[in-house]
Amino acid sequence: MKKFICRLPIDCVLAVTYNCNARCVMCDIWKIKNFSELAPEQFLKLPASLRDVNISGGEPFLRRDLPQIIHNVKKACPAARLVISTNGFATGLILAQMRKIFEIKPNIGIAISIDGIGEKHDEMRGIRGGFNMAMKTLEGLKRMGMKNLRLGFTVTERNINELGRVYNLARKEGVEFTNSFAQSSDIYFGGKQNTDFKDMDSGSGAGMTKEVLRAQYRHLIRAELSGWNIKRWARAYYAHGMYNFITGKQAELSSAPGRDFFFLDPSGEIYPSVVHNFRMGNIRAVQGFEQFWCSSASEGVREKIDAAKLPVWMICTARTAIKKHPFKVGWWVLKNKFSVR
């Protein structure tokens with residue numbers, strides 16, 4: 001058997017539920033009715049090696065035991081940065097949950113999905129008044145004293161014109177901004193197959209879409225490079241990579257799904273990422289995470305991942321890749337900081 005060096009993961013996405021109170025056009029998770037959920041104690045099996053954990057769903061705050069889950073994740077991964085992704089619709093419930101969670105993990109992050117301003121956001125998320133509810137939640141969290149807040153934008157053909165406006169809103173509110181691309185997945189998004197921007201160079205209409213996309217990302221990149229904050233420079237590079245991924249379907253940097261990170265679904269199934277449909281195992285059956293992660297069976301899954309050569313560019317994959325290539329990223333920043341127009 002070929003020898004390999006096993007490294008424990010440092011990044012993961014935990015979907016704690018598929019229960020959802022949104023009706024997003026780019027995601028069918030809300031259509032899933034029959035699914036099991038992990039008991040809070042199962043999260044104690046997560047490896048202490050993790051440094052970034054995204055608590056996702058569905059809508060995580062619909063789990064009444066979310067504070068206990070956060071407690072257990074923190075206990076298992078004491079060095080990890082935790083971020084909860086939410087649509088922000090259930091303001092009262094979210095604020096009530098966060099008062100408990102804030103005591104457990106005061107520096108926890110909250111990412112509120114905003115896919116447009118006003119009615120455009122409502123259209124994208126399928127809930128009338130959704131934008132106002134999400135902004136009410138943001139203001140409530142700020143009043144609570146939360147500092148680690150961000151707005152998360154999902155790029156599709158329907159809302160690409162809104163990217164710059166939501167970025168500007170985040171700057172106005174004094175919170176961070178993140179963006180992702182509505183990808184296809186057999187194991188996430190309720191199996192939704194998103195084909196946005198698939199034929200960007202096929203005709204005049206597609207060309208116009210690419211022109212708008214380029215302008216929106218140019219605005220974002222220029223703004224993030226304008227200051228002297230290294231974290232914002234990294235976000236600019238991430239945005240640069242996102243634009244190239246959308247237009248060319250190639251990742252700017254290589255990543256390591258199933259090695260550096262994993263996706264855990266609500267029933268406990270472990271996958272290399274949210275788009276890699278290669279089941280690695282179930283955390284319910286895991287006795288020791290290192291033994292599972294470093295097993296020959298897990299290495300066999302990684303060989304399938306390598307053979308599939310599926311390009312990915314999302315926050316959880318790009319974050320690790322950017323940290324591994326500081327000189328390449330730094331050189332890109334140096335070349336573009338004074339030249340992006």
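Brief remarks follow.
- Output for segment 29-76, where each listed residue is assigned to a loop (DSSP other than H, G, I, E, B), modelled with pLDDT of 95 or more and among the hydrophobic types (A, V, I, L, M, F, W, C): 38, 39, 46, 48, 50
- When residue 140 is tested against (1) at pLDDT 95 or above; (2) crowded, with 17+ Cβ neighbours inside 10 Å; (3) closer than 16 Å to residue 87 by Cα, only condition (2) is not met.
- Residue in segment 187-194 that is surrounded by fewer than 20 Cβ atoms within 10 Å (Cβ to Cβ), modelled with pLDDT of 90 or more and either outside any loop (DSSP other than H, G, I, E, B) or more than 16 Å from the chain's Cα centre (by Cα) (or both) present: no
- Checking each residue in segment 268-297 for being more than 22 Å from residue 183 (Cα to Cα), of a type in the set (S, T, N, Q) and touching a residue at least 60 places away in the same chain (Cβ under 8 Å) picks out only 296.
- Residues that are in contact (Cβ under 8 Å) with a residue 24 or more places away in the chain and charged (D, E, K, R) within segment 305-333 comprise 319, 324, 328, listed in sequence order.
- Helices (runs of 4 or more DSSP H) fully within segment 260-326 that include at least 1 residues being closer than 28 Å to residue 234 by Cβ and among the basic types (Lys, Arg): 296-308, 315-324.
- Looking across segment 96-119, the residues that are in a helix (DSSP H, G or I) and either under 21 Å from the mean Cα position of the chain (by Cα) or within 26 Å of residue 78 (Cβ to Cβ) (or both) come down to 96, 97, 98, 99, 100, 101, 102, 103, 104.
- Verdict on residue 341 being at pLDDT below 95, under 25 Å from residue 226 (Cβ atoms) and not in a helix (DSSP H, G or I): yes
A quick yes/no check of all residues on (1) surrounded by fewer than 23 Cβ atoms within 10 Å (Cβ to Cβ); (2) among the β-branched types (Val, Ile, Thr); (3) in contact with an Asp or Glu (Cβ under 9 Å, 6 or more places away or on another chain):
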residue: 28; (1), (2), (3): yes, no, no
residue: 32; (1), (2), (3): yes, yes, no
residue: 42; (1), (2), (3): yes, no, no
residue: 55; (1), (2), (3): no, yes, no
residue: 60; (1), (2), (3): no, no, no
residue: 72; (1), (2), (3): yes, no, yes
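- Checking residue 239 against (1) of a type in the set (A, V, I, L, M); (2) under 24 Å from residue 45 (Cβ atoms); (3) crowded, with 20+ Cβ neighbours inside 10 Å, the condition it does not meet: (2)
- Members of segment 225-280 found to be among the small types (Gly, Ala, Ser) and within 15 Å of residue 9 (Cβ to Cβ), listed by number: 255, 256, 258, 273
The values are calculated or read from the model by the stated rules, or taken from the named source; none is laboratory data. In this text the structure is predicted, and so the values were computed from the model without any measurement. Neighbour counts run over all protein chains shown; Cβ positions are idealised from the backbone, glycine included.
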